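What follows is one structure encoded as structure tokens, with my remarks underneath.
The values are calculated or read from the model by the stated rules, or taken from the named source; none is laboratory data. Everything numeric here is computed off the predicted structure, so don't read it as measured data. Neighbour counts are summed over all protein chains in view; Cβ atoms, including those assigned to glycine, are modelled from backbone coordinates with ideal geometry. In case anyone asks, the SASA skips ligands and DNA or RNA and just uses the protein heavy atoms, side chains included. Shrake-Rupley method; radii C 1.70, N 1.55, O 1.52, S 1.80 Å.
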Amino acid sequence: MISVVIRNKNQAPALTFLLKNLTERYAADIAEIIVIDNVSIDNSEAVALHYGARFVTIEKFSYGGSANRAAQEAQFPIVVIFSAHSYPVSHDFFKLIKEKMEANSNLAGLRCLHSTNDYRNYINKISAKNDPNKSGLIFSGSAFSKKVWEKHPFREDVATFEDKEWSKRVLENGYEIEFVPAIFHYEIKRTPQQQFFRFKNDLVGNYQLWHQDISFLQALKGLIVSIWNSAKNFLTELKYTFLRFMYLLKFIKNKPKQF
């Protein structure tokens, strides 16, 4: 059986859609739904309870810590983890996961498909062993084995990429991670503040896990390129804003015949 765990913070509308999707389309495939919530101040708890999900609050959030709590709360051997702003699409999403996990006891997890990178690596058969970053797990639409997690919990001292660090570590311990052609969608619009928060975590995570260092010259080059691209994008948008306005005036003066 499958436990579905959802990490959430103040995303009641997205959580509503995800839970509606799960309960209306996949009820027969799911044994339980658990929402791991980081002290939301919206009505996320009411939404979760309305759809029969278990609601668990964590006050001190970390990526690894929340993933560990999700695994602890799950009562079944296959755990599928989502963010509130992601949701399964393919009708056989959980069936494919269950079949593949049960067919191979050495599987630590399965990466589902949602992006160009996923489709390309899946079609080109690029394994997680060869590319643990882009073919390893992503904890917003992946499944993992609770049995493997019990032996290898998620690290809580990584800034981010707890999914990639775990993928790398379990592969080194002889387990397997594979793609599964189960399609999900990842839908989020980040504010500049959220993008900056993600940038900071990604910078630290890339340094910790993939040993990607950064020099002063690289930082300076990045600043110059960013300013240039921002100015270019602004001028391009301004140009086409003006062109759209001119075309509207032309259209108003000379409208075509209606059918």
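Using only DSSP helix segments of four residues or longer, with each worth -39500 (n - 2.57), what per-residue ellipticity at 222 nm results for the chain after dividing by its residue count and rounding to 500?
-15500 deg cm²/dmol
Quick one: give the max-minus-min coordinate of the C-alpha atoms of region 105-157 along each principal axis, largest first, in Å.
Each principal axis gives a Cα extent; for region 105-157 these are 32, 25, 17 Å.
Between Met1 and Ser215, how many nm apart are label points set 7 Å from Cα along the C-beta direction?
Computed distance between label sites Met1 and Ser215 equals 5.7 nm.
At 1.4 Å probe radius, can you tell me the per residue accessible area of region 168-233 in Å²?
With all protein chains present, region 168-233 gives 76 Å² per residue.
What number comes out for accessible area per residue over region 1-156 if the probe is 1.4 Å? Units Å², please.
Using a 1.4 Å probe on heavy atoms only, each residue of region 1-156 averages 46 Å².
For Asp157 paired with Glu237, estimate the spin-label separation in nm (one decimal), with each label point 7 Å from Cα along the Cα-to-Cβ line.
Output for this residue pair reads 4.3 nm.
Take Glu178 and Gln72, extend 7 Å from each Cα along the Cα→Cβ direction, and tell me the distance between the two endpoints in nm.
A separation of 3.2 nm, rounded to one decimal place.
State the volume of the convex hull built on the alpha-carbon positions of region 22-115, expressed per residue in Å³ and rounded to an integer.
Looking at region 22-115, the number lands at 121 Å³ per residue.
Expressed in whole Å with the largest first, what are the equivalent ellipsoid semi-axes of region 11-60 derived from the C-alpha gyration tensor as the square root of 5 times each eigenvalue?
Values for region 11-60, descending: 20, 12, 8 Å.
What do you get for Rg/Rh over region 197-253 if you use C-alpha atoms and the Kirkwood form of Rh?
1.35
Note the full-extension length gain between Gln195 and Ile252 as 0.36 nm times their separation in residues minus their Cα-Cα distance, in nm to one decimal.
16.5 nm
Across 5 Å bins from the origin, how do the percents of Cα pairs in the chain run, short distances first?
1, 5, 11, 15, 16, 14, 11, 8, 6, 5, 4, 2, 1, 0, 0
Could you work out the mean projected area of the convex hull around the alpha carbons of region 71-133, in square nanometres to one decimal?
Result: a mean projected hull area of 5.5 nm².
Would you mind pulling out the separation of the Cα centroids of region 124-158 and region 1-54, in Å?
22
Could you work out what % of the accessible surface of the chain is carbon and sulfur, using a 1.4 angstrom probe and leaving DNA, RNA and ligands out of the count?
58
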